[in-house]
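Okay, structure first, notes after.
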Amino acid sequence: MEQLTIMVDLERCIGCNACEAACKLANSIGPGHQRIKVAWAQSLEGLPEIEFIVSLCQQCQRPICVRSCKLEPKAIQKRASDGVVLVDSSRCVGCLDCVNACPYGVMSFDARRSVADKCTLCAERRDVNLLPACIAACPSGALSFGKGRDLIRQARSIGREIRDIDHFGLRPSVVYLEPFERHEGIPEYTHITLPPGFSSQRFPHLVEGVDRAIRTYVLPQIRQEAFPYNQITSGNISYDSIAKGVCGICFNSCGIQYYLKDGQVVGISGNPEDPATKGRICSKGLDQVQQWYNKERLTHPLKRTGERGEGRFEPISWDQALNELAERLQNVRQHYGNEALAIYTGTRSGILNLWGYAALFGELFGTPHHIGTGPLCATSVERAYVITQGVGYAGNSFTEKDLGSADFLLIVGFNMAESRPVYFGLLNDWRLK
């Protein structure tokens with residue numbers, strides 16, 4: 001058996017949670033449980049030190065979850081071909097023995113089906129020669145996938161230190177690379193900031209101080225998740241075609257593959273053919289599926305029926321909405337003149353709206369008053385480009401020979417690791433190289 005596993009580079013992980021989002025989407029996992037989780041570890045000494053801990057099934061060589069299962073044949077087994085521990089949901093009775101037994105706290109529970117659940121290194125995806133979803137999405141290159149011995153050999157060849165997490169004699173297979181030392185004398189990371197609702201009870205842990213809080217199988221209220229989450233109980237989302245495009249959530253415009261079934265987008269992944277992003281994608285791009293099919297999303301015009309602020313609206317047709325708006329705009333022009341109208345367009349409304357429809361409408365109406373978020377955001381950058389290179393816009397500068405070749409980068413007023421993790425992951429990767 002060649003043990004398959006994941007290597008987590010704690011120096012590269014930026015805590016963006018793209019691995020969580022990719023896992024949920026690829027495996028149609030709904031609320032209340034997850035197969036992979038990112039926790040934030042911080043020094044108690046008040047120093048600006050932080051570490052992100054990626055927690056997932058350790059694919060132990062001596063898995064206690066398997067030994068704890070009382071069923072015969074067992075509902076959880078370690079597969080001989082690749083060493084991955086799998087749960088047979090058709091046999092699982094939801095007793096939680098395996099969940100409670102795992103000292104790493106990475107066994108989860110699907111309360112909708114009342115079965116144990118865990119990371120399988122995306123066994124169904126690997127069966128069709130696809131990478132695990134978390135690996136394919138990771139914007140920072142913190143996750144690697146392969147045979148355990150090969151990953152260890154690779155880490156040692158570049159002088160990286162491997163973290164020992166075998167506190168329980170289970171021989172975990174996941175490889176964690178220690179982050180580089182920042183300062184001398186910093187104590188072990190002993191505090192974890194966890195999302196609201198997670199237990200703070202102390203248990204044996206993955207690294208010093210990590211609460212065993214991933215066991216979130218107690219759900220006081222199970223909310224309905226938007227399509228396609230929880231539409232499929234096992235395996236991957238099926239699709240009948242793939243459309244290539246770009247993500248419009250931020251200016252990165254990462255290459256995207258949209259998976260379509262019966263005309264609906266049922267899945268998203270990065271496009272590995274994109275020369276810049278190479279298949280990387282952040283959690284914002286992956287969560288677009290939830291956004292599109294959310295039951296609260298507006299799909300038709302609403303007209304206010306009460307006083308302003310009362311929140312009372314009724315649906316109307318597009319024709320009625322357009323006719324009423326046209327009448328009001330005509331009244332403005334007749335009583336106050338063309339320039340009484342000012343148009344404000346949000347940046348994320350799209351290039352065609354910003355420089356096409358809105359600008360054309362302003363010309364036709366006769367008003368020069370058209371502005372967007374530029375003065376609050378990019379106008380200074382555009383002016384700087386004009387002064388230095390003659391044009392207001394630049395191509396992709398996030399390449400190894402451009403920003404990647406800089407000796408020093410100072411990023412001010414902009415948390416790139418949070419808001420643009422794909423490009424920040426590239427910068428961090430070049431820093432390490």
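The values are calculated or read from the model by the stated rules, or taken from the named source; none is laboratory data. All figures in this text were calculated on a predicted structure; none of them were measured in a lab. Positions of Cβ are backbone-derived with ideal geometry, glycine not excepted, and every protein chain shown enters the neighbour counts.
The table for this structure:
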quantity	calculated
Close pairs from segment 367-380: first of a type in the set (S, T, N, Q), partner outside any loop (DSSP other than H, G, I, E, B), Cβ under 8 Å, at least 6 apart	367/338; 367/339; 367/340; 367/343; 373/347
Strands (runs of 3 or more DSSP E) wholly inside segment 1-118 that include at least 2 residues being under 17 Å from the mean Cα position of the chain (by Cα)	36-42, 50-56
Selection from segment 62-117 of residues that are of a type in the set (S, T, N, Q) and more than 23 Å from residue 176 (Cβ to Cβ)	68, 77, 81, 89, 90, 100, 114
Flag if residue 367 is among the hydroxyl-bearing types (Ser, Thr, Tyr), within 26 Å of residue 325 (Cβ to Cβ) and modelled with pLDDT under 85	no
Condition check for residue 424: in a loop (DSSP other than H, G, I, E, B), under 26 Å from residue 269 (Cβ atoms) and at pLDDT 85 or above	no
Scan of segment 302-337 for residues that are at pLDDT 95 or above, outside any helix (DSSP H, G or I) and of a type in the set (Gly, Ala, Ser), ordered by number	317, 337
Residue among 12, 35, 62, 79 that alone is over 22 Å from residue 113 (Cα atoms), modelled with pLDDT of 85 or more and touching a Lys or Arg at 6+ places or on another chain (Cβ under 8 Å)	62
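To keep it simple, each residue is scored yes or no on (1) in contact with a Lys or Arg (Cβ under 7 Å, 6 or more places away or on another chain); (2) in the same structural domain as residue 140 (by TED's automatic domain parsing); (3) exposed (fewer than 11 other Cβ atoms within 10 Å of the Cβ); (4) over 30 Å from residue 431 (Cα atoms).
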position	(1), (2), (3), (4)
319	no, no, yes, yes
325	no, no, no, yes
350	no, no, no, yes
364	no, no, yes, yes
369	no, no, no, yes
373	no, no, no, yes
384	no, no, no, no
393	no, no, yes, no
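Yes or no, residue by residue, for (1) touching a helix residue (DSSP H, G or I) at 6+ places or on another chain (Cβ under 7 Å); (2) polar (S, T, N, Q):
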| residue | (1), (2) |
| --- | --- |
| 53 | no, no |
| 57 | no, no |
| 61 | no, yes |
| 69 | yes, no |
| 86 | yes, no |
